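**Q** Starting off with a structure, shown below.
The values are calculated or read from the model by the stated rules, or taken from the named source; none is laboratory data. None of these values were measured; they are calculated from a predicted model. Here Cβ is always computed from backbone atoms with ideal geometry, including for glycine, and neighbour counts include all displayed protein chains.
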Amino acid sequence: MTTNTAAAISPEEFLADFHHTTLYGKTEANGIDRQAATAEHGQVRDWFQARAEELGFDVSTDPIGNIFATKTWTPGKPYVLVGSHLDSQPLGGRFDGTYGVIAGLHAAAALNSQVKEGVVEPQFNIAVVDWFNEEGSRFTPSLMGSSVFAGLQDLETTLDSTDPEGITVREALKSTGRLGEPIDFEIAGNVEVHIEQGRRLERAGVPIGVVERSWFTQKLLVTVIGEQSHTGATLLADRRDALIAASKAVIAVEETVYEMDPETVVTSVGTFNVEPNSPIVVPRQVDMVVDIRADQDDDVAKARAIILEKFAAIAQERNVEIRADDYDVRPVSRFPEESVELAHKAARDEGHESMTLSTLAGHDAVAMNRVTPAVLIFVPSENGISHSEREFTRDEDLVEGVKVIAGIITRLVQGELKDVSPGGAQ
Ligand SMILES: [Zn+2]
């Protein structure tokens, strides 16, 4: 059982293209290292442009470095977007993001063949998109390209933001030839396929997940301020050691989850900078970022309150100051019911069982969902591992995901979600 568009996909060509991308920024342990607007990221994007042009797409880049490969069947009509991101975390996995871009390219090429043959009569055009800087590791925040495109973030401010070396987004984009021109087209939906980055599909033995909502996420920018002194000359009682206090704070962040429910709340500290970071100096300051995510808004608020209370106690006990500022707050966002239903139908069209999921991680489709009806589907991730070189999804699962999004974009270009409002906050 399969749709015409899905049948027009060549799994071999898709897999050859997908596996080819892993050469750009390849790491020794079979992962990739392609942070936003680095040379390696620039190279894979140039390859993507060349491959899309070979398949007959027109390619353009917008002012925040998003790349669009378009097929314009009817000039002036809006575009259905399908894609994900080609950037990665440092020592990241080869499936996260890249899969969705190459899947989108092959699904759109198959759809084009059906339009050319007169099997599909589209009301809209199609664009495969590679969103700039989804990962947010080199330049923050994450979901940068999609958020600016959706108007959720200011272009100029974003272009002026810098990486840890002081290089601006503008300079980095320019160095990879991706500081583009404004793109003037309307959009009629956004589709993304991504690896799950969790193990719910694997546990359930189901090949396709349909995302109905994203988890509430927020970060805390935390600064622990003690006092710098000589490690040899300062007795412990006289120290105000920022690193000891910060270490306790990191443990407190994790403990908070176990005081709540580890199935519905997660927290992390992923960055940690010590000043002055000298072996003979009691640390003066530690800067770190706390990340809190939960299935329900209330749980993030509750976790945040517990963490701040613990921080206050640590600050008092260790005679330091702990400042915590809210940052990058993203409430629970729901995909339109019609989008979820349509994705389940598309999975059934390919003979697959599918299950409804929420996403803990942010995705470009979550940002786009604020301005257009968006569809986000997942394929299984082995052991749920992601943002790691050990990330893995089987070829068979990758191919089925391409077929399902081929069906989804076929339905979208024929206007199936055209009267649906965008999704958004609960
Ligand atoms: Zn991703």
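**Q** Within the set of pairs 6+ apart or on separate chains, which have a first residue in the range 92-104 that is outside any helix (DSSP H, G or I), a second that is aliphatic (A, V, I, L, M) and more than 9 Å from the ligand (Cβ to nearest atom), and C-beta atoms under 6 Å apart?
**A** These pairs meet every condition: GLY92/ILE32; ARG94/ILE32.
**Q** Okay, moving on. At least 1 residues that are in contact with an Asp or Glu (Cβ under 7 Å, 6 or more places away or on another chain) and away from the ligand (no atom under 16 Å from the Cβ) in each: list the helices (runs of 4 or more DSSP H) lying fully within the range 324-426 that qualify.
**A** Per the criteria, 337-349, 395-413.
**Q** From GLU165, GLU181, grab the single residue that is free of Cβ contacts under 8 Å to residues at least 12 places away in the same chain and surrounded by fewer than 14 Cβ atoms within 10 Å (Cβ to Cβ).
**A** GLU165
**Q** Answer with yes or no whether ASP287 is over 24 Å from ARG239 (Cβ atoms) and either over 23 Å from the mean Cα position of the chain (by Cα) or modelled with pLDDT of 95 or more (or both). Walk me through it before giving the result.
**A** Values: over 24 Å from ARG239 (Cβ atoms): no; either over 23 Å from the mean Cα position of the chain (by Cα) or modelled with pLDDT of 95 or more (or both): yes.
In short, no.
**Q** Given ALA6, ALA16, ALA52, which one is in a helix (DSSP H, G or I) and in contact with a Leu (Cβ under 7 Å, 6 or more places away or on another chain)?
**A** Criteria check complete, one pass: ALA52.
**Q** Which residues, taken from the range 68-85, are touching a strand residue (DSSP E or B) at 6+ places or on another chain (Cβ under 7 Å) and away from the ligand (no atom under 16 Å from the Cβ)?
**A** The answer is PHE68, ALA69, THR70, LYS71, THR72, TRP73, THR74, LYS77, PRO78, TYR79, VAL80.
**Q** Related question: Working carefully through the options GLU12, GLU28, GLU40, find the one that is free of Cβ contacts under 8 Å to residues at least 12 places away in the same chain and more than 30 Å from GLY118 (Cβ to Cβ).
**A** Selected residue: GLU28, the only one of GLU12, GLU28, GLU40 that is free of Cβ contacts under 8 Å to residues at least 12 places away in the same chain and more than 30 Å from GLY118 (Cβ to Cβ).
**Q** Could I ask something else about it? Could you name every one of the helices (runs of 4 or more DSSP H) located completely within the range 108-222 that has at least 1 residues being within 16 Å of the ligand (Cβ to nearest atom) and either over 19 Å from VAL404 (Cα atoms) or of a type in the set (Ser, Thr, Tyr) (or both)?
**A** 144-149
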